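None of the figures in this text is laboratory data; all of them are computed from the coordinates on show. All values reported here derive from a predicted model rather than from experimental measurement. Virtual Cβ from ideal backbone geometry, glycine too; neighbours counted across all protein chains shown.
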Amino acid sequence: QITTDISWLEASDLNHPLLRRMTIEAPGTYHHSLVVANLAEAAAEAIGANATLCRVCAYFHDVGKLVKPEYFTENMSFERNPHDDLAPTMSALIIIAHVKEGVDLALKYRLNQRIIDIIQEHHGTSIVRYFYQRALQQHEDARAGGKIMKLREDDIPEVKEESFRYGGPKPQTKESAIVSLADTIESASRSLEKPTPQKIETLVNELIEERISDRQLDDCDLTLGELKIIAERFRFTLLMMLHSRIAYPKPGQKTTTIIPREEGLRPDVMVATRKPETAPPVSAA
């Protein structure tokens, strides 16, 4: 078992077989994990938590997506969204299952127990909101159609929120909570159009407040003061990653044009430059 900072540094080797598999089988998830690691490490350092532990655990937090990588937005091909052929409940089951499948892989590869804990806790008991909302909409459409067809409402299945929630447990430590927050914020940041400091600040604050109101941080010992510091560190790190960049001129050409962020390379440029129109937002997972 890993017990020292040096041991955690040794565990951060990106040549681990699971991480090597991710680079080939789920490159979008691999890149997402690297960015989550940067966010989590910076936030942990800012509040005096174990930053190296956060980095290592962030590398592995989504290894369960190796089982069905094509069902997660960051790995989807341009042509097809496999969720188009599935009911929202089935899509949610596949998304939620990546936690258990990640734990199974971690046990198979004999990863440290702290890594396994964070894999299991990084979504807590949160809801897969995209597919939950989709199910509610389909339910409303079915009710409207049922009235036309004179069907009884009892014949239309109810949408149960618990079917769209992860099994938990909620994050139990500061490090687990930091990785959890970094995961959801990094995912959501990919959907930002024309990122600005104000948009980034709003995104970070709203997502942290949502986790608090959903009681996902109840079991860890983060204070409100520490959450404020974490939010500030997330904002700063995201701003550095999402800022505009200079358009380098060709030889003999003069230009001072700044390319807007969305026209430049996105953080997931190594994976894809666009997604199927029907794909759920990255944050759906």
Next on the checklist: Using a 10 Å cut-off around each Cβ, can you sort Arg129, Arg114 from fewest to most neighbouring Cβ atoms?
Outcome noted: Arg129, Arg114
Checklist entry - For the stretch 1-49, what does the alpha-carbon gyration tensor say about shape, rounded, prolate or oblate, given a ≥ b ≥ c as the root eigenvalues, a/c under 1.5 as rounded, and a/b over b/c as prolate? => result oblate
Next on the checklist: Give me Rg/Rg_expected for the stretch 92-218, where Rg uses Cα atoms only and Rg_expected = 2.2 N^0.38 Å with N residues.
Outcome noted: 1.32
Checklist entry - Within the P(r) computed for the stretch 6-150, what percentage of the Cα pairs occupies the region above 17 Å? => result 66 percent
